[in-house]
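Report on one structure; see the data block that follows.
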Protein chains: 2
Amino acid sequence: MTEAAAWLETALAAADAAGAVIRPYFRQPVTAEMKSDESPVTKADREAELAIRAVLSARFPSFGMLGEEFPAAEAAGRFTWVIDPIDGTRAFITGRPHFCTLIALLEDDVPILGIIDQPISGERWIGQRGEKTRFIAPGGKIAGQVGTRLCADLAAAECSCTSPDMFLADQKPRFERLKASVRRTSWGGDAYAYGLLALGMIDVIPEATMKPWDWAALVPVIEGAGGAITDWQGRALDIGGRGDVLAVGNPALLPAILDVLR
Amino acid sequence: MTEAAAWLETALAAADAAGAVIRPYFRQPVTAEMKSDESPVTKADREAELAIRAVLSARFPSFGMLGEEFPAAEAAGRFTWVIDPIDGTRAFITGRPHFCTLIALLEDDVPILGIIDQPISGERWIGQRGEKTRFIAPGGKIAGQVGTRLCADLAAAECSCTSPDMFLADQKPRFERLKASVRRTSWGGDAYAYGLLALGMIDVIPEATMKPWDWAALVPVIEGAGGAITDWQGRALDIGGRGDVLAVGNPALLPAILDVLR
């Protein structure tokens with residue numbers, strides 16, 4: 001087995017473990033008496049992160065680990081796992097089956113492996129540097145063909161954004177300009193929307209205030225499907241960056257979009 | 001078989017027929033060369049509406065028929081079907097499996113039967129006047145228990161809204177006031193979000209500019225789950241109304257919300 005195959009096998013096992021933890025908490029009632037640290041999403045998030053960490057660190061004990069719920073572990077070498085057990089907390093809380101488990105592997109701070117996993121539908125996107133992204137749905141029951149759409153005209157573009165409230169003050173008017181330049185904007189989606197962009201269903205996603213665990217897994221998935229993912233200046237996403245993220249299906253459309261966002 | 005059972009059986013058969021038409025179009029590529037009247041969503045919408053109409057009118061030829069795609073048929077008596085083959089056009093276009101088929105039966109303009117059907121996940125909500133709403137997921141694979149949440153405090157409420165762009169000029173500031181009064185707002189969802197409210201996952205949905213086929217099926221589902229659904233004045237929804245819709249899980253919270261929306 002190659003190194004890359006071992007990383008992938010382990011990441012998929014970690015996603016499986018996370019899904020097994022998360023599923024029983026999905027759509028469980030929240031009562032007014034519950035403390036917020038006992039809510040189903042909090043418990044699912046923490047327990048799933050522990051499950052993911054256990055699988056990954058058993059196999060690759062020297063790799064670093066960066067996640068939302070627990071302190072980061074420094075890497076002894078060049079590799080770091082970056083994980084988000086439940087991306088789309090609001091989606092999970094409101095019972096929407098598009099929240100995702102995200103698992104990425106960074107080599108020298110560059111994402112080289114990314115998994116987007118939806119534990120309810122079973123949909124799973126796998127991105128590996130230098131390889132075509134794969135989309136898997138159990139039993140082939142949910143359609144989807146990998147490959148971004150080469151939308152050549154911004155005015156014809158399908159735009160998607162998780163929330164109009166995610167932008168910083170200086171970003172909001174820039175987002176609004178982009179929204180006014182596209183054909184349509186649809187709302188909600190979290191990481192799942194990036195999976196749909198990789199399937200050619202969405203052309204552009206401008207988002208902001210994202211943490212590394214929100215975007216790291218998306219990079220190999222988008223790039224391996226033919227798209228591009230950068231910050232709002234067109235630069236590679238950076239662990240120490242501000243968290244503004246721009247994904248486009250057609251990389252040739254990137255300069256025009258960056259112009260609008262400037 | 002009672003009359004109500006015959007209506008339900010026929011409505012479910014129509015939803016089945018619509019799903020069979022719609023599924024092959026889901027996540028099919030759209031090319032730039034396609035005319036808009038050839039797009040997968042347009043074809044799916046029109047063909048599914050024809051399939052629904054065929055099933056309903058074969059069994060109940062004297063009933064009226066109101067849908068988005070084809071001219072209305074006048075009722076010979078007191079009953080009218082109100083149908084939307086694909087509620088959530090943007091969701092369908094962008095490959096999100098939460099668009100829904102909606103089928104309602106009106107008696108003297110009052111919805112007495114409502115079906116919310118998601119043809120990809122197979123989730124289905126059934127509301128009948130005077131009966132508890134039912135939620136069905138194939139093989140019980142997707143969790144969900146019918147019953148709205150009795151959230152007693154607006155500040156703790158989960159709010160959901162399909163799009164910040166759906167409001168008329170006078171409604172936008174009123175919506176913003178409500179949004180500022182709740183705990184959290186999540187975006188997207190279309191009719192599916194009303195299904196989630198019926199499962200106790202969402203507490204309030206304020207929407208606007210909805211057509212009768214967008215809301216008629218929601219009424220029996222919400223009411224049969226313990227919630228309330230009115231316009232922004234607290235009045236019963238009306239076929240000739242303006243299309244502002246307010247659904248709440250806890251009817252006791254309605255006066256406070258109407259106050260904020262005034």
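No value in this document is a laboratory result; all are computed from the given coordinates. Everything numeric in this text was worked out from a predicted model, so none of it was measured. FYI the Cβ positions are ideal-geometry reconstructions off the backbone, even for glycines, and counts take in every protein chain you see.
For the protein assembly as shown, the antiparallel share of DSSP beta bridges with both residues in that region comes to about 75%.
Counting only other chain Cβ atoms within 10 Å of each residue's Cβ, the peptide A:187-194 averages 5.
Computing FRET efficiency as 1/(1 + (r/R0)^6) for A:Arg134 and B:Ala152, where r is the C-beta to C-beta distance and R0 is 60 Å, gives about 0.80.
For B:Gly77, the distances from its label point to the matching points in the remaining copies are 7.7 nm, ordered from shortest, with each point set 7 Å beyond Cα toward Cβ. Taken over the range A:36-136, the alpha-carbon convex hull comes to 101 cubic angstrom per residue. Partner shielding of A:179-186 amounts to 3, given as the average count of beta-carbon atoms from other chains within 10 Å of each residue beta-carbon.
Distance between the modelled labels on B:Lys141 and B:Lys43, one decimal in nanometres: 2.6 nm (7 Å Cα→Cβ projection).
Short to long, the 20 Å bins of the Cα pair-distance histogram for the protein assembly as shown hold 23, 55, 20, 1 percent of all pairs.
Principal semi-axes of the equivalent ellipsoid, √(5λ) from the alpha carbon gyration tensor of the range B:65-210, are 26, 20, 17 Å from largest down.
Shielding by partners for peptide A:23-30, expressed as the average number of C-beta atoms from other protein chains within 10 Å of each residue's C-beta, is 4. Of the beta bridges in the range A:154-261, as assigned by DSSP with both residues counted there, near 60 percent are antiparallel.
Summed over qualifying helices (DSSP H, 4 residues or more, each -39500 (n - 2.57)) and divided by its residue number, chain A shows a 222 nm mean residue ellipticity of -9500 deg cm²/dmol. Taking Cα centre as origin and charging only the Cβ of basic (Lys, Arg, +1) and acidic (Asp, Glu, -1) residues, the dipole magnitude of chain A rounds to 660 debye. Among the trypsin sites (Lys or Arg not before Pro) within the range B:59-168, those in coil by DSSP and having at most 13 neighbouring Cβ atoms inside 10 Å are B:Arg78, B:Lys132, B:Lys141. For the range B:61-129, the set of GluC sites (Glu not before Pro) satisfying both a DSSP loop assignment and a count of at most 16 other C-beta atoms within 10 Å is given as B:Glu74. Relative to the compact-globule estimate of 2.2 N^0.38 Å, the Cα radius of gyration of chain A comes out at 0.97.
Computed extension gain for B:Ala252 through B:Ala58, at 0.36 nm per residue and net of the alpha carbon distance, reaches 65.6 nm. Nearest-to-axis residue in chain A, judged by Cβ distance to the rotation axis that brings A onto B and given in whole Å, is A:Gly188, 1. Ascending distances from the B:Arg235 label point to its copies in the other chains, with the point 7 Å along the Cα-to-beta-carbon line: 5.7 nm.
Over the range A:146-262, with a single point scatterer placed on each C-alpha, what log10 of the ratio I(q)/I(0) does the Debye formula yield at q = 0.14, 0.15, 0.16, 0.17 1/Å? The Debye formula, applied to the Cα set alone, gives -0.47, -0.54, -0.62, -0.71.
Distances from A:Arg183 to itself in the other copies, using label points 7 Å out along the Cα-Cβ axis, amount to 3.9 nm in increasing order. Projecting the Cα atoms of A:Leu106, A:Phe26, A:Gly67 onto the dipole axis of the range A:3-145, where Lys and Arg carry +1 and Asp and Glu carry -1 at the beta carbon, places A:Phe26 farthest toward the positive end.
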